[in-house]
Structure formats: structure tokens, C-alpha cells
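Written below as C-alpha cells is the structure these notes are about.
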Amino acid sequence: MSEPFWLGNARRYLGTAETPGRETTPAIRRWLIELGAWWSDDETPWCGVFVAEVMRESGIERPANWYRARAWADWGDALLWPELGCVAVFARAGGGHVGFVLGEDQRQRLMVLGGNQGNRVSITPIDRVRAVAFRWPTGQTRHNLLPVLRSDGQTSSNEA
């Protein structure tokens with residue numbers, strides 16, 4: 001099964017983690033510089049930064065406020081249902097979260113490849129009911145399939 005090309009760019013960063021304390025992980029600092037952020041630390045929520053950097057590397061436009069997870073809810077084309085590679089926007093206490101949908105697990109939770117999930121780039125199950133938007137890059141071929149993937153059974157509760 002083929003997947004959207006931007007997921008290859010996203011997968012390259014799996015495992016990239018925040019640096020505890022005052023230092024910032026070099027990859028995250030580079031993303032902030034390349035995107036023109038006015039801050040330079042990985043203590044500021046960075047899920048939107050991750051999605052924006054993947055889209056920048058893929059040659060795909062980003063929303064004006066790419067650093068805000070909820071800004072992605074108005075970007076691109078709306079989808080009624082999640083599709084492989086779509087951008088999903090989630091509600092969470094204190095704000096939002098954004099990442100790429102890779103599939104669903106055996107409990108129908110969305111398997112999301114995202115930044116700042118447990119302070120790293122990871123694939124984690126997130127309850128579908130938390131989703132507030134599914135978006136697709138305008139002009140890109142849609143993939144429709146949503147494969148079933150195995151998960152560790154733990155539902156994400158740390159995306160800040």
C-alpha cells in the first residue's frame with residue numbers, strides 16, 4: 001500500500017525527543033529557525049512545529065499560524081473521515097494537538113504520528129472522539145485507506 005509522500009518525511013524524525021532542561025534538541029531548533037519562529041526552545045509546545053516542518057520539507061503550504069495546533073483545523077481541504085496521511089486536529093486540556101493519521105488500532109483509536117507526544121516524535125493511539133478536524137493538503141491525491149495497526153494498548157494523554 002502506498003502512502004502520501006509527506007509521511008516519509010515525517011517518519012524520518014521518529015524518536016526525536018526534547019532535551020530536558022535549558023538546552024534544545026538540535027533538530028527542533030533547526031525546525032524553528034527554518035520556519036521563522038520567534039522562539040528557540042523545545043519547552044514551548046511543538047506539535048504544530050513538527051507538522052509545519054514536515055509540510056515545508058514536502059513543498060506543501062502551511063497555515064499562517066502553523067505553530068498553533070488549532071490553526072490546522074482551517075487549513076487545506078476538510079475531510080468527513082480520517083484518511084491515511086491526513087492531518088488530524090485534536091482537543092486537549094489547555095489547547096490542541098495536531099499530527100498525521102497513519103491508521104487505527106484494534107480499538108478504533110487513531111494511530112497518530114506527531115511531535116510532542118510524550119515529549120518526542122512518536123506514533124501513539126489517540127481517541128477518535130477528541131478529533132475536531134481532519135484536513136487534507138489542497139491539490140494532493142487522496143489515499144482513502146485507513147489501515148488497522150497494532151498499538152501498545154495505551155491511549156495517549158501527554159501531548160503538551
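Just so you know, all these numbers are worked out from the coordinates, no wet-lab data involved. Predicted model, so just to flag it, every value in this text is computed and none were measured. Cβ: placed from backbone, ideal geometry, glycine included. Neighbour counts: every protein chain shown.
Summary table below
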read-out: Ranking of Leu80, Leu110, Leu35, Leu7 by count of other Cβ atoms within 10 Å, fewest first; value: Leu80, Leu35, Leu7, Leu110
read-out: DSSP-assigned coil residues among chymotrypsin sites (Phe, Trp or Tyr not before Pro) in the stretch 1-87, each with at most 14 further Cβ atoms within 10 Å; value: Trp38, Trp39
read-out: Estimated FRET transfer efficiency (Ser2, Ala64; beta-carbon r; R0 35 Å; 0.05); value: 0.70
read-out: Cleavage-rule hits, trypsin sites (Lys or Arg not before Pro), the stretch 77-116, DSSP coil, Cβ neighbours within 10 Å at most 11; value: Arg107
read-out: Additional length obtainable on full extension of the chain from Leu149 to Asp77, 0.36 nm per residue less Cα span; value: 23.4 nm
read-out: Environment charge of Trp136, counting only residues whose C-beta is closer than 10 Å and scoring Lys/Arg +1, Asp/Glu -1; value: 0
read-out: Per residue Cα convex hull volume in Å³ - calculated over the chain; value: 107 Å³
read-out: Counted charge near Gly95, where neighbours are those whose Cβ lies closer than 11 Å (Asp, Glu -1; Lys, Arg +1); value: +2
read-out: Residue exposure sequence - Cys86, Cys47 - by fewest surrounding Cβ within 10 Å; value: Cys86, Cys47
